[in-house]
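Report on the following structure.
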Amino acid sequence: HPRVFSGVQPTGNLHLGNYLGAIKNFVALQESHECIYCVVDMHAITVWQEPNELARQIREVTAAFVAAGIDPEKHVVFNQSQVSAHAELAWIFNCVARIGWMNRMTQFKDKAGKDRENASLGLLAYPSLMAADILAYKATHVPVGEDQKQHLELTRDIAQKFNNDFAESIAAKGFGEAYFPLTEPLISGPATRIMSLRDGTKKMSKSDPSDNSRINLTDDADTIAQKIRRAKTDPEPLSTELEGLKARPEADNLVGIYAALAGLSKEAVIAEWGGQQFSAFKPALAELAVDRLAPIAGEMRRLMADPGHIDALLGAGAARAAAIATPVLDGVKDVVGFVRSR
Ligand code: TYM
């Protein structure tokens with residue numbers, strides 16, 4: 001049956017790209033699907049994290065989930081390190097996946113940079129843990145931004161290779177033709193790739209040294225308005241057709257942000273704003289952004305004032321997650337041929 005899984009890393013500032021490309025869609029899917037949303041703290045430590053700051057960030061992402069409208073009672077919200085099935089399944093996938101598959105990942109190449117020999121081994125194996133996150137729940141749908149597409153293709157490759165390598169054992173143990181589903185990415189809408197406000201060719205990212213390149217979920221109204229006012233644009237008025245935005249990445253990005261915040265298509269935004277100057281569009285965009293983000297920031301602040309409550313929420317979510325993942329992992333152990341007492 002359909003099941004949604006997705007994860008967000010507790011590293012650096014959550015920004016508008018994370019919200020529009022992922023979290024906003026997590027909220028919408030709750031109506032129609034069983035959802036599992038994970039703060040992926042084990043992925044975070046593939047690059048160095050200061051321990052106190054990591055703990056704070058884990059709570060902050062959790063607060064953002066809840067403040068944005070994820071219901072931790074109806075759905076499952078937890079942090080990855082509290083459910084050991086993720087690490088155990090990732091090890092088995094490390095033995096299914098090939099080194100060459102990992103070496104080809106663009107995120108690994110970007111994050112490792114030139115000095116690849118010095119990247120953590122975890123950074124190379126990152127996609128294997130991500131496949132384990134998803135497949136420990138036999139999730140069928142994964143909402144993400146465009147930048148995660150390659151990782152989700154790899155998740156399908158790992159599921160397929162496991163199903164093939166162990167086909168005989170899977171059938172013999174009574175699991176039918178395939179143990180793992182081939183997961184579908186959900187990448188849709190006007191905000192699958194939000195770009196930097198300073199450079200329309202770079203994606204908005206937590207790690208950009210310029211804070212003016214992104215709108216953080218915790219920015220106050222003045223900061224949001226100022227960052228949008230200063231956002232890079234060209235001197236032309238807004239195009240009257242979508243086609244006209246193609247060669248104008250900064251303009252295209254602001255139209256996409258407006259569309260996603262307003263719940264409109266880019267066509268609808270162009271229909272309303274085409275031909276107008278940025279001096280008119282930007283204040284309207286700033287007002288819309290503040291209107292949508294300020295309540296989330298306020299609720300995050302309220303939740304962060306009670307870390308004990310957040311920790312309890314994560315603990316309860318982890319227990320429910322483990323109840324789903326443990327039987328899946330036990331089946332994998334049987335398929336692989338591991339002996340376990342029952
Ligand atoms: P992360 O933590 O970098 O980002 C969280 C989510 O935000 C999306 N996103 C964006 N969307 C649009 N425009 C942007 N500029 C932008 N920047 C980020 C990401 O696509 C993502 O959906 N590897 C994942 C975390 C992960 C995961 C998983 C996701 C671990 N296990 C299992 C799904 C399923 C990551 O680094 O996301």
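Observations on the model:
- The fraction of all Cα pairs in the stretch 211-302 landing in successive 10 Å bins from 0 to the largest distance is 17, 50, 27, 6, 0, given as whole percents.
- Sequence-distant contacts, meaning Cα pairs under 8 Å at least 6 residues apart, place the relative contact order of the stretch 15-165 at 29 percent.
- In summary, the convex hull built on the alpha carbon positions of the chain has an orientation-averaged projected area of 18.6 nm².
- Relative contact order %, the stretch 211-302, counting alpha carbon pairs below 8 Å whose residues are six or more apart: 39
- Each of L124, H75, V8 was placed along the dipole of the chain (beta-carbon charges, centred on the mean Cα), and the one lying farthest toward the positive end is L124.
- The peptide list 262-274, 29-41, put in order of mean Cβ contacts within 10 Å with the highest first, becomes 29-41, 262-274.
- Helix 121-135 and the long axis of the chain differ in direction by around 80°, with both axes built from C-alpha atoms.
- G7 long-range amide H proximity, modeled H, under 5 Å: C38
- Potential lengthening between S265 and S84 on full extension [0.36 nm per residue; Cα-Cα distance subtracted]: 61.0 nm
- Relative packing of peptides 292-305, 1-14 - highest average C-beta neighbours within 10 Å first: 1-14, 292-305
- Pairs of Cα atoms nearer than 8 Å and 6+ residues apart set the relative contact order; for the chain it is 23 percent.
- Cα-based helix-to-principal-axis angle, 278-304 vs the chain, degrees rounded to 10: 40
- The order of the peptides 139-145, 129-135, 90-96 by mean Cβ neighbours within 10 Å, most packed first, is 129-135, 139-145, 90-96.
- When shorter helices are ignored and each DSSP H run of at least 4 residues is given -39500 (n - 2.57), the per-residue value for the chain at 222 nm works out to -16500 deg cm²/dmol.
- Overall form of the stretch 1-45 per C-alpha gyration tensor (a/c, 1.5; a/b vs b/c): oblate
- Hz values of 3J(HN,Hα) by residue in the stretch 62-76 - Karplus curve (6.51, -1.76, 1.60), Gly and Pro given as x: 4, 4, 5, 3, 5, 5, 6, x, 6, 9, x, 8, 7, 10, 10
- Among the listed pairs K149/K266; K111/K246; K114/K138; K24/K202; K109/K266, those beyond 30 Å (Cα-Cα): K114/K138; K109/K266
- Couplings 3J(HN,Hα) of the stretch 230-237, computed from phi: 7, 4, 5, 9, 9, x, 6, x Hz, in residue order, whole Hz [Karplus 6.51 cos²θ - 1.76 cosθ + 1.60, θ = phi - 60°; x for Gly and Pro].
- Rounded to the nearest Hz, the phi-derived 3J(HN,Hα) couplings of the stretch 186-191 under the Karplus curve 6.51 cos²θ - 1.76 cosθ + 1.60 (θ = phi - 60°) are 10, 10, 8, x, x, 10, where x marks glycine and proline.
- Against the chain, whose longest principal axis is taken from its Cα atoms, helix 85-94 shows a tilt of about 80°.
- Calculated diffusion of the stretch 80-196, Stokes-Einstein form, Kirkwood radius summed over Cα pairs, 10 °C and 1.306 mPa s, µm²/s: 104
- Placing unit charges on each Cβ (+1 for Lys and Arg, -1 for Asp and Glu) gives the chain a dipole about its Cα centre, and among N25, A262, L329 the Cα reaching farthest toward its positive end belongs to L329.
Rule-based calculations on the coordinates, nothing more; no lab input. Just so we're clear, the structure is a prediction, and the values are computed from it rather than from any experiment. Cβ coordinates were reconstructed from backbone atoms using ideal geometry, including for glycine residues, and neighbour counts include every protein chain displayed.
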